[in-house]
Amino acid sequence: MDYFPYVSIMFAFTFIVGALILLYSPSDKMPLKSAIPIALVGFAIAASWIDLIGGYLVDLLQFLGIMFRIPSPIMGLTVLAWGNSMGDLSTNVTMARKGLANMALTACFAGPVFNMLVGLGGGFALVTSHGKHARIEVALSPSVLSGLFFLLCNCTIIVICGSFLFGGTIPRNFGYASFGLYAVYIVTSISMEFLISSG
């Protein structure tokens, strides 16, 4: 079967560009006019890899769910959610350990807000722009509704502790409370999904 080797050409091109950057970039400090284009190219490449790997990951999760007879919502709220959040978790923990607690706390909320507003909004805009689906029916699963409830509880605890009880600081015990809420959320969501699938 004849096909044009797009992947091989792009791999060779990016390998050559990366080697040239490593070879000719200054060792001490790169000028801003050179660093910004390289950073933008790196961001675009990373986004492309994430999009490519994400498609295969979803297919793999669907295959595992069918093979082990696990409902797709449970795969989404466990394996996919954990894998999708590992990068954010490591980054936020590193920032918090370096004393940048406000930045870490802001990133915890800014990331999901970006995913829900830009990710969902862009996805629905692309689907409806083709003209085949002028309107899309969306049904919230019980796991999503329970997740919204526990997220609201967590945000309420943050506001009460940070603003009223502890004078702008969040105590260490808040972390244990968040772990407890997440454990209850996982058990509740999985139980509801299994009850619905079995019923």
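The values are calculated or read from the model by the stated rules, or taken from the named source; none is laboratory data. Not measured: the values here are computed from a predicted model. We place every Cβ from the backbone using ideal geometry, glycine too, and count neighbours over all the protein chains shown. Just the protein is used for accessible areas: all its heavy atoms, side chains included, with ligands, DNA and RNA removed. Shrake-Rupley method; radii C 1.70, N 1.55, O 1.52, S 1.80 Å.
Considering only residues that are of a type in the set (Phe, Trp, Tyr), open to solvent by less than 80 Å² (accessible area, probe 1.4 Å) and closer than 20 Å to Ala101 by Cα, which ones fall in the range 130-174?
Within the range 130-174, the subset of a type in the set (Phe, Trp, Tyr) is 149-150, 164, 166, 174.
Then keep just the ones that are open to solvent by less than 80 Å² (accessible area, probe 1.4 Å); that gives 150, 174.
Phe174 - this is the single residue of the range 130-174 that is of a type in the set (Phe, Trp, Tyr), open to solvent by less than 80 Å² (accessible area, probe 1.4 Å) and closer than 20 Å to Ala101 by Cα.
Please enumerate the residues belonging to the range 162-188 that are among the small types (Gly, Ala, Ser) and under 21 Å from the mean Cα position of the chain (by Cα).
Taking the range 162-188 and keeping what is among the small types (Gly, Ala, Ser), we get 162-163, 167-168, 175, 177-178, 180, 183.
Those that are among the small types (Gly, Ala, Ser) and under 21 Å from the mean Cα position of the chain (by Cα): Gly175, Ser178, Ala183.
Of all residues in the range 81-110, none that is assigned to a helix (DSSP H, G or I) has its Cβ atom under 8 Å from the Cβ atom of a residue that is of a type outside the set (Asp, Glu) and at pLDDT 85 or above, 6 or more apart or on another chain.
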